[in-house]
1. Among the residues of the range 603-612, count how many are within 15 Å of VAL527 (Cα to Cα) and part of a helix (DSSP H, G or I).
2. Examine the range 483-491 for a residue that is over 16 Å from VAL542 (Cβ atoms) and out of contact with any Lys or Arg (no Cβ under 6 Å at 6 or more places or on another chain), and state whether such a residue exists.
3. At least 3 residues that are open to solvent by 10 Å² or more (accessible area, probe 1.4 Å) and within 17 Å of ALA605 (Cα to Cα) in each: list the helices (runs of 4 or more DSSP H) lying fully within the range 468-576 that qualify.
4. Residues in the range 227-237 that are open to solvent by 20 Å² or more (accessible area, probe 1.4 Å) and either among the small types (Gly, Ala, Ser) or at pLDDT 85 or above (or both): how many?
5. Is it the case that the range 201-223 has a residue that's out of contact with any strand residue (DSSP E or B) (no Cβ under 8 Å at 6 or more places or on another chain), without any contact (Cβ under 8 Å) to a residue 40 or more places away in the chain, aliphatic (A, V, I, L, M) and within 23 Å of LEU629 (Cα to Cα)?
6. Could you give every pair whose Cβ atoms fall below 6 Å, whose first residue belongs to the range 558-580 and is within 21 Å of VAL488 (Cβ to Cβ) and in contact (Cβ under 8 Å) with a residue 12 or more places away in the chain, and whose second residue is assigned to a helix (DSSP H, G or I) and of a type outside the set (Ser, Thr, Tyr), counting only separations of at least 6 or pairs across chains?
7. Of all residues in the range 18-27, which are exposed (fewer than 15 other Cβ atoms within 10 Å of the Cβ), under 35 Å from the mean Cα position of the chain (by Cα) and either outside any helix (DSSP H, G or I) or in contact (Cβ under 8 Å) with a residue 60 or more places away in the chain (or both)?
8. Determine which member of the set TRP102, TRP89, TRP46, TRP85 is out of contact with any Gly (no Cβ under 6 Å at 6 or more places or on another chain), closer than 30 Å to LEU424 by Cβ and not small (Gly, Ala, Ser).
Amino acid sequence: MVTDTQNPPIEENRFFSPQVRFVLTTVAIILVAVWLSRQFNELIRWPQEWVIPVKDWVTAYFYWLSHDLDFGLFKFRDITRGFSWLLSWPLYWSEVFLYRGWSGLGTLLPIPWPAALIGVGLIGHCIAGWRLSLFCMACTLYLVVFGLWEDAMRTFSLVAVAVPFSASIGLMLGVASTRNAKAESVLKVIFDFMQATPHMAYLGPIVIFFGFGQVPAMMAMVIFSMPIMARCTILGLRTVPASVIEAATMSGCTQRQLLWKVQIPAAQNTLMVGLNQVIMQTLAMAVIASLVGASGLGQKLLFSLQQLRIGTATEQGIAIVFLAIVLDRISQAAANRPPGRRVPHLFWQRHIHVILFAIAFVVFVALAQVSPALSVFPKSLTLTFGPGIDEGVKWFSLHFYPYVKPVRDWVTVAILLNVRLFYLVLPWIVTLSVLGYLSWRLGGWRLFVMNLALSSFVLLSGFWKPAMMTLYIVNIAVIISACIGISVGIWSAHNPRVAKIALTICDTLQTFPSFIYLIPVVMIFKVGDLSNIVAILAFATVPSIRYTYLGLSNIAPNTLDAATVSGCTRWQKLRKVELPIAMPEIMLGVNQTVLMSLFMTTITALIGSRDLGQEILKALPGADTGRGLLAGLSIAFIGIITDRLIHAWAKKRKASMGMSDD
């Protein structure tokens, strides 16, 4: 009798498959780490006396730089203050033109609001026609009639000066990176840290060197938004077709001519996308910079939120949204303008929009001398719906909050507090052991060393507990965001009508500055962990929707046809074909959701938390630079660790499916 000797090994291989071995090894590592923590208490909680006082060293170092570093004839502080003085001049003239006016040799009024309204309309018409023109004018008119014009111009004056600086520096660094491989490798690491570090972490060192006010705020905006332009410049120049560069070289172009007359024009669309992102990030930073004395809409909104004046905060929040939408739509329209448009021959036809604005400016400046209402909109004519919203909030609190409160309390007590307790009692040795094993399995020894080094820094510097609080909030938010985002993304990929609605909502949500999400959350849930999570959900769900939709939409039609011909049901095709192929893109969306959630924790600190975001917020008033900077770096390290793990997994997944890693 011949026995089938092949089946037992197959069963054994199935039982000891790589997935099963991975799970068993992870469980074994956890059990060993837990056993060790029971033997040595130091493996549960890192002793306070073992904490390396890096934050104190950093604070002392920055204090020495700003107060004691002396070069003989001048101090380091004189250099920073002199640099600040130089930057104050373009900002000063921007403010003079937009809202201050000038009383030098003669009285010069700022740009009258009707002239600015017409100017915005002319820009919109020049770029994309009457539809964009009327839309931008309507948004701008809101700022006027609700009495927020001057505050909006204070914010816009910062943006108007910071954007050219950011774009210029980013362009130069991007060009340098494409021409020097060593410079690119160094700048890439710097850009990773700069973009992973939360906005607020930049404010501490800038306050030490440059003080409080508009100029330090502008510098924070430039530093934060510049890497985006640099990355887009690198991408744009690298995607210029080689045939175009070869043709220009054969025509005798010098390196300078090749750059300015060939590569940059060919990469114009990508560069304009980068400029759009610089504008939006600069505006977002302008709002956050109100924490260091930047005046404008952000300062007003922050003050209203702190006093829980929801109606006034809503008015100011809508003003910020409209300002962001106008800047976003104009810059997007400029980026998407079709090339090769016909240019009129006559001078006045080519510059008709500039001529019309100059006429409107002169006319309204002259009329404003006679009628002050054309310079400053009369307060008696302004509108407001703030009191109505305040009454609505009171009515909601009276009639509906008794129903919301039990749900909020149950979710907080039954779920959130238990999850938080788990994160806080989890021994650090367990966390580092599992992280090390995952890093080694996905990326080898290099990723293992990097991730353990970054996480050990958080532990040794004394930020482990706030970091675990941050992970508790972020992990819950990411799980919910991923479930919602992936579900909506799948639905959108299979229904064009749903896709149109969902992507429009995503565009709108991405335009909102992060502060805005706090208003409805505080209105409905008051303050607490649930409020923080809900605010993060509204801000961070968009990438999961976009990347899921993108991954499913890019699947080759012949692959789907083959699954249909094979007899797959709709559910089988989704589960066994579409999702496995699109999973790398879906996980990249989850990666972006994690990074945006980490960023949002610094904003939700304004409504109460005990995480790393709160550490940054507490450091600002006392100029505790080390505390704020290291807390920001800890958030950046968590983001970098997550980013590297997901990218390593996506790369292995694509390789296992025979897909290129482009």
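1. 5
2. No: zero hits.
3. So the answer is 518-525, 529-540.
4. So the answer is 4.
5. Checking the range 201-223: at least one residue is out of contact with any strand residue (DSSP E or B) (no Cβ under 8 Å at 6 or more places or on another chain), without any contact (Cβ under 8 Å) to a residue 40 or more places away in the chain, aliphatic (A, V, I, L, M) and within 23 Å of LEU629 (Cα to Cα).
6. Listed pairs, sorted by first residue: LYS573/ALA563; VAL577/ALA563; GLU578/LEU552.
7. The answer is PHE22, and nothing else.
8. TRP46
The values are calculated or read from the model by the stated rules, or taken from the named source; none is laboratory data. Note that the structure is predicted; figures quoted are calculated from it, not measured. Heads up, the Cβs are rebuilt from the backbone with ideal geometry, glycines too, and the neighbour counts pull from every protein chain shown. We work out accessible area using only protein heavy atoms, side chains counted, and drop any ligands, DNA or RNA first. Shrake-Rupley method; radii C 1.70, N 1.55, O 1.52, S 1.80 Å.
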